[in-house]
Amino acid sequence: MKTNHQSERGNESRARIDLGADPMPLYMASSAEQQKQKQKGGGGDEGSGKGDGTQKLAEKGEELKEEMDNLLDEIDAVLEENAEEFVKNYVQRGGQ
Amino acid sequence: MAIATIMGTEIEFGITVKNDPDFDPISSCVLIVNAYREDPEGRILWDYDQENPLADARGFQVEGEKYTPNQQENIARNKTLINGARYYVDHAHPEYSGPEVTNARDVVIHEKAGERIVEMSRREANTLLPAGAEMLVYKNNSDRKGNSYGCHENYLMDRRTSFKQVVEPLLPFFATRQIWCGAGKVGSENRSHPCDYQISQRADFFETEVALDTMVKRPIVNTRDEPHADREKYRRLHVIVGDSNMSEYTIYLRNGVTALILSMIEDGAITKPLSLRDPVRAIREVSHDPSLRVKLPMEDGGQRTALEIQKGFLDMVLAYAASRTLDPIQKDVLQKWESVIESLGRNPMELDTKIDWIIKKRMIESYMGRKKLDWSDSQVQMLDLQYHDLRPDKGLYFLLERQGKVERIVTDEEIQYAVYHPPVDTRAYFRGECLRRYPGEVFGVNWDSISFGLGDDSIKRVMMSEPFKGTKQFVESLLDRSKTAAELLENMQS
């Protein structure tokens, strides 16, 4: 039951994030990140002042965008360079 | 009453050598498997006497030649490990068969330990290659050119359950469970309809419902009847329909949920057959539809989506669970499965930290968005392949794991421990401990036996036809009392 509860809360906070910022990178609404945010925020999304709520969300949006950019940079750094040739040459014998 | 759970997985890995024009898969396999040395003398045999892969669960023996290598080839192709696993060359792939375990958590731990063992031996093998060449290993199931290699699950079952009872519910269950345990694949192959991205690595390769084959005309339900245990009491369900998963969460559900379904079959608790009119067609159609909308014709004349069929199985398991006591891991598996099924109904992308095909799809789409790529781009195909790369610094799954983008089930410490230690609650404990304590006296090993050479030319084989015996609880003091294998055999008789 605990899991259900968590995933419902996960949804709520997703809805809120989506309201907050417009051009969101795809990765940012992932549930692990939501989990992290909840922990950071000490469960008090609602508690923050009404006026700066949007600003906070925008900041969070920025933070997540940065995280996403970092991830994509890291992927770029390790991704096989000659992708076309590598993929073409990856041939296996059939197994089980 | 359903029997207690015993299960395990066997993984065939893809292998290649970069910058080597003379790359040969078989010699590369021999090289990598032999680069892993626990037994310094390297002379323990795999005991092929005990094998019978041509027995069919429908009650007949298929004609064909049984593979029995000579002694030298046997040693070169087989390593039996102190954690109870077998690491070997299977055709043109390195294969890791984990030890028998009793629960889904231990499946994750030992499957992940296997990845580390293969990675350690890959690094070791690389030191023997010419400068510039690099061996690479992938835990996936296809080269995207029509060649597939497997990830097989094994489950011990009660032989009193007829094979027919097993097959009927498993066909729709296996055709559709990919929606929560597929590993995801860019494009299609094996004369399947073209697509951008599909749910399963393996679905394109299933061509028949029920058969003994594993390498051609692959069946959704495999009939190999080789229990590796007392064949009067047990059968072993050999599941070849699954994908090689990277995500711990996905592995956990794949084995945990399947084991629950099998217990339910043994207890006669399948109340709705949920039979598909054409399971072979369904498995491909489901895989090719990440939107989960496709309606599948049912035997009863109606139509259901894959999710509706899985929801049907979930409802049966929930009703079944209400009438018995599940252990804490089974309960956790069931709760997680229930919440995954709910998420799939709302928005599958909610599962982008849990389920492989969704984690991978999110990663690829994010990258495509930044680089303005489309699905046919070779970089996109590379992302797919490299998600399964076993190198901790280059594998994209491991990159996501480091960045906290995937949910874990077990800890790094547990995985590392399992590299050198067998599970304590199955016969794998006895096997692994004998290999650790008496390596010089072990002559040959199979899943259900271990034989010792005692120096006087006699070979003594200890049968282990009961997978629940040989646990730490029952044999540790016997092993502690026995300084040599000869003493062990003496103490066993007294």
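Since every read-out is calculated from the coordinates, none of them should be taken as a lab result. As the structure is a prediction and not an experimental result, all values here were calculated from the model. All Cβ positions, glycine included, derive from the backbone under ideal geometry; neighbour counts span all protein chains shown.
Does the stretch B:261-366 come out rounded, prolate or oblate by the C-alpha gyration tensor, with a ≥ b ≥ c the root eigenvalues, rounded set by a/c under 1.5 and, if not, prolate when a/b is larger than b/c and oblate if not? Before the final figure, lay out the partial values.
Values: a/c = 2.46, a/b = 1.17, b/c = 2.11.
Cα axes put the stretch B:261-366 in the oblate bin.
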* To do: Take every Cα-Cα distance within the protein assembly as shown, group them into 10 Å bins from 0 onward, and report for each bin the whole-number percent of pairs it holds.
  => 3, 17, 27, 26, 17, 7, 2, 0, 0
* Structure fact -> Residues whose built amide H sits under 5 Å from the amide H of B:TYR197, excluding neighbours closer than 5 in sequence, are B:GLY187
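Too long at a 25 Å Cα-Cα cut-off: which of B:LYS372/B:LYS394; B:LYS66/B:LYS112; B:LYS18/B:LYS372; B:LYS112/B:LYS233; B:LYS112/B:LYS472; B:LYS79/B:LYS483? If you can, show how the numbers build up before the last one.
Numbers: B:LYS372/B:LYS394 23 Å; B:LYS66/B:LYS112 31 Å; B:LYS18/B:LYS372 28 Å; B:LYS112/B:LYS233 31 Å; B:LYS112/B:LYS472 22 Å; B:LYS79/B:LYS483 23 Å.
Exceeds cut-off: B:LYS66/B:LYS112; B:LYS18/B:LYS372; B:LYS112/B:LYS233.
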* Mind jotting down the distance between the C-alpha centroids of the stretch B:392-435 and the stretch B:143-206, whole Å? => 25 Å
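Can you classify the stretch B:107-215 as rounded, prolate or oblate using the Cα gyration tensor, where a ≥ b ≥ c are the square roots of its eigenvalues, rounded means a/c under 1.5, and otherwise it's prolate if a/b beats b/c and oblate if not?
Numbers: a/c = 2.48, a/b = 1.48, b/c = 1.68.
It is oblate, given that a/c is not under 1.5 and a/b is not larger than b/c.
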* What is the average number of partner chain Cβ atoms found within 10 Å of a Cβ in A:63-76? -> 3
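Just counting partner chain Cβ atoms within 10 Å, what average do the residues of peptide B:395-407 show around their Cβ?
On the way: counts 1, 5, 0, 1, 6, 6, 0, 2, 7, 6, 8, 2, 3.
The mean count of partner-chain Cβ atoms within 10 Å per residue comes to 4.
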* List the equivalent ellipsoid semi-axes of chain B in whole Å, largest first, each obtained as the square root of 5λ for an eigenvalue λ of the Cα gyration tensor. => 35, 28, 21
* To do: Give the relative contact order (percent, whole number) for chain B; include only Cα pairs under 8 Å separated by 6+ residues.
  => 20 percent
* Asked: Rg(Cα) of the stretch B:137-188 divided by 2.2 N^0.38 Å?
  -> 1.49
* List the lysines whose Cα lies under 19 Å from the Cα of B:LYS295, skipping any in the same chain that are fewer than 8 positions away. => B:LYS272, B:LYS311
* **Kyte-Doolittle mean at least -1.0 and Cα axial length at least 30 Å: DSSP H helices in chain B** => B:104-126
* Excluding residues on the same chain fewer than 8 positions from A:LYS56, give the lysines whose Cα lies under 21 Å from its Cα. => A:LYS36, A:LYS38, A:LYS40, A:LYS65
* Asked: Quick one: if you take sqrt(5λ) for each eigenvalue of the C-alpha gyration tensor of the stretch B:1-138, what semi-axes come out, biggest first, whole angstrom?
  -> 28, 20, 15
* Structure fact -> Note: the stretch B:260-318, point scatterers on Cα, Debye, no solvent; log10 I/I(0) at q = 0.28, 0.29 Å⁻¹ equals -1.15, -1.17
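Using just the helices of the protein assembly as shown, give the 222 nm mean residue ellipticity in deg cm²/dmol: DSSP H runs with n ≥ 4 each add -39,500 (n - 2.57), and the total is spread over all residues, rounded to 500.
Working: 20 runs with 256 residues, N = 590.
About -13500 deg cm²/dmol.
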